[in-house]
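Worksheet for the structure shown next.
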Amino acid sequence: MVVGKLVVPSPKDVEVKIFLDEEECTLKEYCPNHTVNIKTRLKNVGFGNVSGNLTVSIFNPSWIELSREVWFNIDLPVGKEKNFTTNYTVRDVDEKGIYTIVSNFTYDSQVNSSTCNFQVIKGLGDLVVNPSFIKLRVRAAESNSTLLNVWTEHSCERATTTFNISDIPLKDWTSFNPFQLDLSPGIANSTNITVSVPYSAPLGLQRGTIKVRAQGISEVKEENVTLEVNVTPPLFYLNVSVPANKKKVCQGDEVYALVNLTKNYPGWVNISLSYRIVSGNTILEEKNESLYVNESLVRIPVLEAPSQVGTFSFLTILKYDQVKINDSDTFEVITCEVVERKKPSAPKPIIVYVQPKYLNLTLSTTLLSVLAGQETSFYANVFNPTAEAVKGVWLSVTGIPKDWLSIVPDKVDLEANESTRFLVRIKVPATASSGIYGLRIKAKDEIESNEESLTLVVGKSLKEICDLLLSRIEELKKEAERALLAGECVNVSRSDELHSSALEALNNGMEEYERNDFEEASYWLEYAVKSEESAIAHVNVVLETEIFAVNTSSFLIPPFYEARSELALAQSYVRERNYEEVCEPIEKLRKYISIGLIFWPFLFISIALIVYGLIRLYLWKRGREVPRIMEEVRKRLGMERSSESAS
């Protein structure tokens with residue numbers, strides 16, 4: 001009752017609240033043979049004692065009452081509460097859907113009610129794949145990989161999931177690792193999809209459909225994923241030709257070929273070239289060389305022709321970054337004269353040393369672009385390098401609203417030297433603001449891991465994404481140009497290469513942008529962003545390494561220099577990324593160390609010479625005193641003898 005603005009509470013009022021499994025009512029899922037534990041709490045919030053009856057009913061999705069329980073003559077004094085429990089076990093015959101619990105408390109011709117819902121699920125539920133559309137850009141002769149995430153929702157069964165693609169040529173290019181996944185209800189798993197494109201593959205788009213099949217106990221579910229592969233030119237075109245004057249050679253004579261290596265993309269690359277004369281699968285002669293190249297080149301390798309007559313192949317094998325390309329041309333060996341051929345020497349084995357590297361937290365990527373209203377994802381890999389188990393590790397992601405994020409699993413326990421992988425799904429609302437979001441990711445329990453960064457570009461269209469990437473590139477380009485100023489005192493050649501590669505990618509991206517091919521443009525621009533970020537990061541690493549080296553050698557600096565202040569200044573410049581001035585204190589410290597390499601030996605030698613001179617002076621003086629002392633001894637002895645004679 002309301003009197004004026006004064007609210008007068010009813011003399012009697014009872015609050016009715018329903019709990020499921022001791023938790024406040026939320027929509028929970030239950031499988032057959034699972035029990036729904038229901039608790040109704042009555043609380044007298046009025047001003048008078050209450051006595052009444054409680055009825056708890058359960059209705060199926062068709063609003064047929066399945067269960068009813070009644071408590072009579074419940075006395076509820078003012079301010080007191082009472083709990084009443086019941087349960088319902090889901091049966092195989094129960095239909096799937098939303099069930100409703102209704103709790104009615106009747107007293108003094110009044111009814112206070114509360115409702116709560118739970119969901120009955122059955123079978124395999126819904127099979128979910130993410131992403132449902134995969135785009136990969138792959139150079140001919142190379143591979144590219146991506147993760148396909150699979151899980152089931154509203155599921156009561158485990159499932160075995162397999163993957164298949166029947167479209168030619170993608171069927172021959174595509175592999176899945178693992179090919180088969182075991183899925184538990186509600187837990188995501190993933191397969192790594194690798195597309196390996198042959199050197200001779202036609203350029204352009206290839207489309208196919210990946211069929212994902214989940215086999216449960218009672219049913220089978222299938223989903224399709226569209227795979228689009230954009231095949232681009234290889235990093236190198238390799239052409240081998242034996243010139244006309246060497247198409248026929250004598251036994252044991254020299255034979256050579258023109259090896260034309262055309263480089264299609266900017267940047268320095270380590271390559272190895274093997275030149276062989278082969279007959280079938282037999283290698284008769286071989287030479288190898290390793291090169292560091294940034295442009296096209298022509299090589300003319302010379303080998304010794306076989307001692308037997310016949311037709312042979314002059315084979316060249318190009319290797320770089322686990323990629324192998326080969327090309328060959330034939331020549332004929334004829335009998336001219338008998339030539340004793342020396343036995344070919346076996347190639348020396350190449351030993352590759354791999355330095356293991358362990359990180360607490362790594363990300364599958366550092367840059368994501370997504371249209372508003374769509375979803376993207378990445379993986380965060382967490383490794384426990386300690387000798388003890390870590391409990392309750394969870395992933396902290398900041399920089400975007402929490403309701404955009406879905407992280408699976410929520411928490412994990414990691415044994416010593418064990419790693420795990422978090423799947424982070426980002427579902428961007430259609431109403432989200434366009435822009436560049438900086439994400440900060442950490443793995444946490446009672447301590448924190450290293451922090452990693454990820455850039456998320458959100459746009460309403462592909463053109464807008466390209467515009468945002470261009471603005472990001474402009475910022476990074478200026479920062480990279482500043483960072484390269486550190487080249488006055490440290491080696492930044494690798495960063496310079498990365499910066500040049502970024503500029504080349506930017507030019508390619510702008511060409512696609514002007515042709516309104518914003519999808520292709522975004523690939524080049526993303527590459528440019530990553531290259532500029534790598535260039536800046538490399539300079540920072542080089543500077544930090546240099547400061548560490550200078551600090552380690554600082555004990556050599558003579559005491560009359562203000563080394564400590566210069567070292568602090570250099571460290572401050574590195575932290576603040578003051579590339580314009582960081583070289584001045586570094587050069588001074590190097591100069592001080594160089595002077596110290598002269599000063600300290602000179603000081604120690606000087607001290608040694610002075611000590612040696614003092615010792616020599618002492619011995620010289622002692623040498624001059626000996627005759628005088630002996631004379632005095634003789635005199636004293638003479639006087640004593642005279643005294644004895646007189647007596």
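Quick check on this structure: which one of Ala568, Ala563, Ala549 is among the aliphatic types (A, V, I, L, M), surrounded by 10 or more Cβ atoms within 10 Å (Cβ to Cβ) and modelled with pLDDT under 70?
Every option except Ala563 fails the conditions.
Using the structure shown, decide if Ser57 is of a type in the set (Ser, Thr, Tyr) and either touching a strand residue (DSSP E or B) at 6+ places or on another chain (Cβ under 9 Å) or closer than 27 Å to Gly125 by Cβ (or both).
Yes: the conditions hold for Ser57.
Out of all the residues in region 263-297, which are among the acidic types (Asp, Glu), within 22 Å of Tyr527 (Cα to Cα) and either at pLDDT 90 or above or not in a loop (DSSP other than H, G, I, E, B) (or both)?
If the condition is that a residue be among the acidic types (Asp, Glu), within 22 Å of Tyr527 (Cα to Cα) and either at pLDDT 90 or above or not in a loop (DSSP other than H, G, I, E, B) (or both), then no residue fits.
Can you give me the ranges of the strands (runs of 3 or more DSSP E) entirely in region 107-204 with at least 2 residues that are free of Cβ contacts under 8 Å to residues at least 60 places away in the same chain and either of a type in the set (Phe, Trp, Tyr) or surrounded by 18 or more Cβ atoms within 10 Å (Cβ to Cβ) (or both)?
Qualifying strands (runs of 3 or more DSSP E): 159-165, 174-177, 180-183, 189-196.
Conditions first: (1) free of Cβ contacts under 8 Å to residues at least 40 places away in the same chain; (2) within 23 Å of Lys530 (Cα to Cα); (3) assigned to a strand (DSSP E or B); (4) not acidic (Asp, Glu). Ser471 passes all but one, so which condition is the exception?
(3)
In region 45-86, which residue that is in a loop (DSSP other than H, G, I, E, B), more than 54 Å from the chain's Cα centre (by Cα) and not small (Gly, Ala, Ser) is farthest from Ser103 (Cα to Cα)?
Applying the filter and picking the extreme gives Phe47.
Given the criterion hydroxyl-bearing (Ser, Thr, Tyr) and within 18 Å of the chain's Cα centre (by Cα), identify the matching residue among Ser434, Ser396.
Answer to the selection: Ser396.
Within region 569-617, restricting attention to residues that are touching a residue at least 60 places away in the same chain (Cβ under 8 Å) and among the β-branched types (Val, Ile, Thr), which residue is farthest from Glu479 (Cα to Cα)?
Looking at residues that are touching a residue at least 60 places away in the same chain (Cβ under 8 Å) and among the β-branched types (Val, Ile, Thr), I get Ile586.
Only one of Val93, Val102 is of a type in the set (A, V, I, L, M) and in contact (Cβ under 8 Å) with a residue 12 or more places away in the chain. Can you tell me which?
Just one listed residue meets the conditions, Val102.
Would you check which residues across region 205-219 are loosely packed, with under 13 Cβ neighbours inside 10 Å, in contact (Cβ under 8 Å) with a residue 40 or more places away in the chain and not charged (D, E, K, R) and list them?
Once the filter is applied, which keeps residues that are loosely packed, with under 13 Cβ neighbours inside 10 Å, in contact (Cβ under 8 Å) with a residue 40 or more places away in the chain and not charged (D, E, K, R), region 205-219 yields Ile217, Ser218.
One residue is enough: does region 23-44 have a residue meeting the conditions under 48 Å from the mean Cα position of the chain (by Cα), free of Cβ contacts under 8 Å to residues at least 12 places away in the same chain, surrounded by fewer than 12 Cβ atoms within 10 Å (Cβ to Cβ) and in a strand (DSSP E or B)?
Yes: region 23-44 contains one or more residues that are under 48 Å from the mean Cα position of the chain (by Cα), free of Cβ contacts under 8 Å to residues at least 12 places away in the same chain, surrounded by fewer than 12 Cβ atoms within 10 Å (Cβ to Cβ) and in a strand (DSSP E or B).
Free of Cβ contacts under 8 Å to residues at least 24 places away in the same chain and within 17 Å of Leu363 (Cβ to Cβ): which single residue out of Ser449, Ser419, Ser406, Ser453 fits that description?
The unique qualifying residue is Ser406.
From (1) outside the structural domain of Leu261 (by TED's automatic domain parsing); (2) more than 25 Å from Val408 (Cα to Cα); (3) among the β-branched types (Val, Ile, Thr), pick out the condition that doesn't hold for Val240.
Looking at each condition in turn, Val240 falls short on (1).
Can you tell me which residue within region 580-602, out of those that are touching a Cys at 6+ places or on another chain (Cβ under 6 Å) and not β-branched (Val, Ile, Thr), is farthest from Leu485 (Cα to Cα)?
Restricting to residues being touching a Cys at 6+ places or on another chain (Cβ under 6 Å) and not β-branched (Val, Ile, Thr), the top hit is Glu587.
Counting only residues that are surrounded by 17 or more Cβ atoms within 10 Å (Cβ to Cβ) and β-branched (Val, Ile, Thr), which one in region 220-248 is farthest from Asn508 (Cα to Cα)?
So, considering only residues that are surrounded by 17 or more Cβ atoms within 10 Å (Cβ to Cβ) and β-branched (Val, Ile, Thr), the one farthest from Asn508 (Cα to Cα) is Val242.
Can you tell me which residue among Ala257, Ala214, Ala188 is small (Gly, Ala, Ser), closer than 23 Å to Glu157 by Cβ and in contact with a Phe, Trp or Tyr (Cβ under 8 Å, 6 or more places away or on another chain)?
After ruling out the rest, the residue left standing is Ala188.
The values are calculated or read from the model by the stated rules, or taken from the named source; none is laboratory data. This structure is a prediction, so every number in the text was calculated from the model and none was measured. Note: ideal-geometry Cβ built from the backbone for every residue, glycine included; neighbour counts use all protein chains shown.
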